[in-house]
Amino acid sequence: MMHLTQESLVDLLMNTRDAMQKGNKIPPVTLSMEDQEQLKMVIPMQLGEESAKKMMTIVNEIREGKRPPLSEQERISLNQKNMTESLTNFLIKLSTVNEEELAVIIEMCEAIRASRSGH
C-alpha cells in the first residue's frame, strides 16, 4: 500500500466527496479497498454512541480488574471493527460538508498523516 502524500490525501478526500455527492452512494462502497485502508490511517476515531460506550466499558473493566486485558487477537479484531465504523461515519460526514468544513477536515487528516509519517 502506498503512503499518502499531502497532495494525494487532499485529492483523495476531494474526489471521494465529489463522487459521493454526484452518485448519492453511501460510503464506503464509493472507494477501493486500498483507498479505504489509506483513509483509515489518517482519520480520527469516530465511533457511534453504542460502540463508544462498549469501548468505555471494556477499558473500565480492565482498569478495575474485572476482566483480563484483551488478547492480541481481540485487540486486532476490535480495532478493525472500530476503524471500519469510523471510516463509514467519517465518509457519511464528508459527503455532506461545505467548503469550510472540508478545509477543517483536510487540515485534521493532514495533521494525522504528517504525525504518522514523520513529516
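The values are calculated or read from the model by the stated rules, or taken from the named source; none is laboratory data. The model shown is predicted, which means the values in this text are computed figures rather than measured ones. Positions of Cβ are backbone-derived with ideal geometry, glycine not excepted, and every protein chain shown enters the neighbour counts. With ligands, DNA and RNA removed, areas are computed over all heavy atoms of the protein, side chains included. Shrake-Rupley method; radii C 1.70, N 1.55, O 1.52, S 1.80 Å.
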Charge sum, other residues only, whose C-beta stays under 12 Å from Leu94's C-beta, Lys/Arg counted +1 and Asp/Glu -1: 0
Ranking request for peptides 62-69, 73-80: highest mean number of other beta-carbon atoms within 10 Å first, then the rest in descending order. 73-80, 62-69
Computed, not fitted: 222 nm per-residue ellipticity of the chain from DSSP H runs ≥ 4 (each -39500 (n - 2.57)), nearest 500, equal to -23500 deg cm²/dmol
With Val42 itself left out, Lys, Arg at +1 and Asp, Glu at -1 over residues whose Cβ is under 14 Å from its Cβ give -4
Accessible surface, per residue, of region 2-119 when the full set of protein chains is kept, probe 1.4 Å, Å²: 65
Calculate, in whole percent, how much of the Cα-Cα pair population of the chain lies beyond 26 Å. 28
Considering only protein heavy atoms and a probe of 1.4 Å, how much of the accessible area of the chain is carbon and sulfur, as a whole percent? 56
Can you figure out the FRET efficiency of Lys54 with Thr96, using R₀ = 22 Å and their beta-carbon distance, to the nearest 0.05? 0.25
